[in-house]
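Each reported figure results from applying straightforward, stated rules to the coordinates on display, with no laboratory input. None of these values were measured; they are calculated from a predicted model. Reconstructed Cβ throughout: ideal geometry from the backbone, glycine too, with neighbour counts over all protein chains shown.
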Amino acid sequence: MPFVTLREVLAEAKRGHYAVGAFNTNNMEIVQAIVEAAEEERSPVILQASQGALKYAGIEYITAMVKAAASTVSVPVVLHLDHGTSFEQTMLCLKHGFTSVMFDGSKYPLEENIALTRKVVEVAHAMGASVEGELGKIGGTEDDISVDERDALFTDPAEAEQFVAETQVDALAVAIGTAHGPYKGEPVLDFERLADINSRIETPIVLHGASGVPDASIRKAIETGVQKINIDTELRQAFTRAVQKVVTERPQEYDPRKILGPAKEAMKEVIKTKMRLFGCSGKA
Ligand code: G3H
Ligand code: 13P
Ligand code: ZN
């Protein structure tokens, strides 16, 4: 199936009260794992490439691999830029056929974030693509900050209302207690803040750093108003554990396919489990 936009799949998700999984990809096995899992689960799916992915694989490879994978399945596939940091890069992704880009202006003051995001939205919309913006700061689990410092970085609901009205983004990433990478303890999500943001905007809401968030919190986040959920770390962990298992159990193995094949299958299982949890299974 040809690529679809983020706007389309998230509008369906909002209507159906479920969330669509957005999985980070860096190589062929990850692309195949995500797309095959989506086809088997009959789920819409978002494949996203980060700064690191574009640097590692190159935009040409990422685009060609995801296009090839999407052409083999009948479920809706979105190709999305994750945490875009410059106007030029978001434009390059659109030129290569991405149907959605995130512009992450969260490091800028509000007015500057709005102005930069708005500029990306104007061009992306003119090209028929979608845009995700970010408000508040979603850090890394390695950031050594206190609870008070962390709360100060959370998304302000009134600012969220202003941000979506002035930028016209198609999705908004919020900071409500999740972080990128493996958690040291159990993450505590600010559902009251999420409910407040959700009551003020119609725009679909995105949860980053969802690896390691307990299932009950994911369900509650969806009920409270999240429609896109980002998963990367749990795929990396499944991949690496499977590779370690093969090389430990069969140290003589020298065929990369016999090492990467099980890694792909392990990622597929994680993705399918997440799709069932997010409620997007059976929705395509
Ligand atoms: O947003 C964070 C994602 O896990 C991507 O991380 O830049 O190392 O690919 P990365
Ligand atoms: P995790 O690696 O914590 O799952 O976060 C993924 C993410 O938010 C990508 O933007
Ligand atoms: Zn993220």
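At a glance:
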quantity	calculated
Most fluctuating residue given options GLY84, GLY58, GLY21, as computed from a GNM of the chain linking Cα atoms under 10 Å	GLY58
Exposed trypsin sites (Lys or Arg not before Pro) absent - longest run of the chain, DSSP non-H/G/I/E/B, at most 15 other C-beta within 10 Å	185-284
Coordinate range along principal axes, alpha carbons of the stretch 1-108, Å, largest first	36, 30, 19
Scattering curve values for the stretch 150-284, log₁₀ I(q)/I(0), Debye with Cα scatterers, q = 0.12, 0.15, 0.17, 0.20 Å⁻¹	-0.57, -0.79, -0.92, -1.13
Distance in nm between pseudo-label sites at GLU112 and THR273 (7 Å out along the Cβ direction from Cα)	4.2 nm
Length released on extending from VAL123 to GLU142, taking residue separation times 0.36 nm less the Cα-Cα span	3.3 nm
Cross-link partners of LYS245 among lysines (Cα-Cα below 16 Å; sequence separation of 8 or more within a chain)	LYS258, LYS264
Whole-Å distance, taken between Cα centres, linking the stretch 117-159 and the stretch 42-110	17 Å
Environment charge at ARG200 (Cβ cut-off 12 Å; Lys +1, Arg +1, Asp -1, Glu -1)	-4
Computed label-point distance, nm, for sites GLU265 and TYR56 using a 7 Å Cα→Cβ extension	2.3 nm
Whichever aspartates and glutamates have a C-alpha closer than 15 Å to that of LYS119, once near sequence neighbours (fewer than 8 apart) are set aside	GLU88, ASP104, GLU111, GLU132, GLU134, GLU166, ASP170
Kyte-Doolittle at least -0.5, axis length at least 30 Å by Cα - qualifying DSSP helices, the chain	256-278
Order of MET65, MET267, MET102, MET127 - criterion: other Cβ atoms within 10 Å of each residue's Cβ, fewest first	MET127, MET65, MET267, MET102
Sites matching GluC sites (Glu not before Pro) across the stretch 195-234 that sit in DSSP coil, with at most 16 neighbouring C-beta atoms within 10 Å	GLU202
Rg and Dmax [Cα atoms of the stretch 135-222; Å; Rg one decimal, Dmax integer]	12.7, 37
Helix-derived mean residue ellipticity, 222 nm - over the chain, DSSP H n ≥ 4, -39500 (n - 2.57), to 500	-16500 deg cm²/dmol
15 Å Cα-Cα reach of LYS268 towards aspartates and glutamates, excluding residues that sit fewer than 8 places from it in its own chain	GLU29, GLU36, GLU39, GLU40, GLU41, ASP232, GLU234
Summed side-chain charge close to GLU40 - residues other than GLU40 whose Cβ falls under 15 Å, Lys, Arg +1, Asp, Glu -1	+2
Column: log10 I(q)/I(0), Debye, Cα scatterers of the chain, q = 0.08 Å⁻¹	-0.31
